[in-house]
Amino acid sequence: MNAPEAPLHWHGSGTSRVPFGAYTDPALYQRELDRLFHGPHWCYVGLAVEIPNTGDYKLSWVGERQVIMVRDRVAPKDRGSDPGIRVVENRCAHRGVRFCQPPMDGQVGNARSFVCPYHQWTYKLNGDLAGLPFKDGVKDGDCVNGGMPADFDLSKNGLTKLRVAVLHGLVFATFSDEAEPLEAYLGDALKPWLDRIFAGRELKLLGYNRQRIPGNWKLMQENIKDPYHPGLLHTWFVTFGLWRADQKSRMVMDAHGRHAVMISRRNDGGENKTVTQGVTSFKADMKLNDPRLLDVVPEPWWTIADPQQPGQTITPTVTMITLFPSVIIQQQVNSLSTRHIVPRGPGEFDFVWTHFGFADDTEEMTTRRLRQANLFGPAGFVSADDGEVIEFSQDGFRQWGADGSTLCELGGKADGVGQPPTEHMVTETLIRSMYAYWRKAMGL
Ligand code: FES
Ligand code: FE2
């Protein structure tokens with residue numbers, strides 16, 4: 001195991017200060033790959049609806065390893081219990097080639113089997129090695145030239161198969177045999193919030209955005225565990241009341257502090273001196289030329305039984321779910337997406353947005369979801385701000401050096417793990433809780 005290049009200067013055992021080295025140190029980053037992304041954690045790879053038919057596949061990532069999420073043939077007797085979704089590593093068992101290249105028109109294709117271009121080794125959809133050329137040598141008269149040794153076993157030379165778990169059409173995978181079952185990994189506190197969006201629903205794929213952000217991958221997790229910034233950084237949120245400090249909100253975390261949900265309910269926006277005075281991003285006279293961008297229509301599934309207050313219901317307009325370490329699930333009014341975090345070194349990650357709706361949406365609702373998706377993605381009216389501040393953060397950490405640290409003491413210094421949810425948004429508790437888990441998982 002690599003030791004960090006420079007020791008991290010924590011302020012005691014807490015996580016209200018996070019050393020800059022956590023974002024910049026290459027050896028620590030390698031440890032993150034080993035222990036988090038490639039270790040006993042479940043990583044998001046895609047949505048089942050992206051590969052509806054047998055042979056459909058999508059290239060995806062678990063940490064820095066490229067994988068193929070594929071819909072396998074399933075025997076009729078197993079249908080129902082087995083959705084047939086497999087995840088295999090995109091690395092040939094022969095000489096290590098990344099054999100599957102993205103189809104010309106995107107990341108999704110269809111195959112009967114996978115054939116490596118280098119020496120034509122052929123794999124079944126489930127990753128088993130089906131065959132290879134000249135395995136038994138080439139006949140020359142009475143003798144046979146070459147071929148694999150007699151003890152070569154096809155069944156022992158397939159692709160690396162990951163463990164796969166599918167929850168409500170969300171597909172997760174792990175390289176680890178030690179990872180606990182997915183539902184336990186996600187935990188009870190998040191369940192109602194995942195069920196609220198996904199349970200019993202067929203999804204409809206609406207499209208993708210992709211971007212590369214020059215910052216550490218954890219900054220994206222932090223950004224969506226940070227309820228403090230949206231009403232300050234984002235003109236759209238504070239001006240139109242989609243997220244700001246005068247709203248009823250709740251911050252929920254799992255029992256380890258690693259996953260979270262930020263929950264809130266929009267208001268009408270406009271001026272409210274306690275939250276808009278002096279806020280430079282608040283534009284009192286900003287009006288939309290096209291009001292359809294905020295044509296919000298409440299949906300019945302927004303209301304659920306309140307997990308915190310028995311006998312009551314709760315109707316948020318926004319839930320931002322962070323599943324450690326690899327994905328964010330967003331509902332902001334009628335816009336829904338998953339956002340996949342793909343790390344690429346300590347100072348860079350790819351961010352893949354998959355916008356979706358539901359199979360039974362009216363055409364009008366689909367159009368509405370797509371229109372509202374303009375708030376998000378690389379050039380989104382809101383999310384462009386986040387990509388930019390993450391880049392600025394990384395720049396600041398680099399220029400200071402590893403012995404500085406960020407300060408996240410809003411709402412106190414405690415990490416909040418094991419405590420009831422915070423019922424407001426003036427807190428950085430979800431960031432502290434994530435680093436409490438991170439320190440533990442990383443052995444720091
Ligand atoms: Fe794939 Fe040889 S490297 S078949
Ligand atoms: Fe933001």
Query - Relative compactness, region 300-444, computed as alpha-carbon Rg over 2.2 N^0.38 Å - result: 1.24
**Report entry** Table column - 3J(HN,Hα) (Hz), region 234-241, Karplus curve with 6.51, -1.76, 1.60, x for Gly and Pro
**Finding:** 9, 3, 4, 6, 6, 6, 9, x
Query - Accessible heavy-atom area order of Arg210, Arg432, Arg65, highest first, probe of 1.4 Å - result: Arg210, Arg65, Arg432
Query raised in the report: Taking the Cα centre of each part, how many Å lie between region 15-56 and region 160-196?
Result: 14
Report summary line: In terms of the alpha carbon gyration tensor, root eigenvalues a ≥ b ≥ c, rounded if a/c is under 1.5 and otherwise prolate when a/b exceeds b/c or oblate, region 306-378 is oblate
Report summary line: Whole-Hz Karplus couplings 3J(HN,Hα) for region 329-338, θ = phi - 60° and coefficients 6.51, -1.76, 1.60, Gly and Pro as x, run 10, 10, 10, 10, 6, 8, 9, 10, 7, 9
**Report entry** Within region 336-377: Cβ-based charge dipole about Cα centre, in debye rounded to nearest 20 (Lys, Arg +1; Asp, Glu -1)
**Finding:** 180
Query raised in the report: When only the heavy atoms of the protein chains count and the probe is 1.4 Å, how do Arg112, Arg91, Arg266 rank by accessible area, highest first?
Result: Arg112, Arg91, Arg266
Report task. Under 9 Å from the Cβ of Trp438, count the other residues' Cβ atoms, weight Lys and Arg +1, Asp and Glu -1, and hand me the total. Result -> +3
Query raised in the report: Over 27 Å between Cα atoms, which of Lys225/Lys287; Lys225/Lys248; Lys218/Lys287; Lys204/Lys283; Lys248/Lys283; Lys204/Lys248 qualify?
Result: Lys225/Lys287; Lys218/Lys287; Lys204/Lys283; Lys204/Lys248
**Report entry** Proximal charge balance of Tyr118 [Cβ under 14 Å; K/R count +1, D/E count -1]
**Finding:** +3
Query - For region 249-267 and region 397-421, distance of Cα centres in Å - result: 17
Requested in this report: Taking the Cα centre of the chain as origin, work out the dipole magnitude from +1 charges on Lys and Arg Cβ and -1 charges on Asp and Glu Cβ, in debye rounded to 20.
Outcome: 180
Query raised in the report: So how do Cys143, Cys43 rank on accessible area, 1.4 Å probe, biggest first, that is with the largest at the start?
Result: Cys143, Cys43
Query raised in the report: Amide H neighbours of His424 under 5 Å, counting only residues 5+ apart in sequence or on other chains, H built in-plane at 1.01 Å?
Result: Met251
Query raised in the report: What ³J(HN,Hα) values, in whole Hz, does the Karplus curve 6.51 cos²θ - 1.76 cosθ + 1.60 give for region 113-123 when θ = phi - 60°, with x put for Gly and Pro?
Result: 7, 10, 10, 6, x, 5, 10, 6, 5, 10, 10
Report summary line: In Å, the Kirkwood hydrodynamic radius from C-alpha pairs for region 200-296 sits at 15.9
Query raised in the report: Are there cysteines in the chain with no second cysteine's Cβ under 4.7 Å away, and if so, which?
Result: Cys43, Cys100, Cys143, Cys408
Report summary line: Rounded to a whole %, the carbon-and-sulfur portion of the accessible area of region 384-444 at a 1.4 Å probe is 53
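The values are calculated or read from the model by the stated rules, or taken from the named source; none is laboratory data. Being a predicted model, the structure only gives us computed values, none of them experimental. Cβ atoms come from the backbone with ideal geometry, glycine included; neighbour counts cover every protein chain shown. Accessible surface areas use protein heavy atoms only, side chains included; no ligands, DNA or RNA. Shrake-Rupley method; radii C 1.70, N 1.55, O 1.52, S 1.80 Å.
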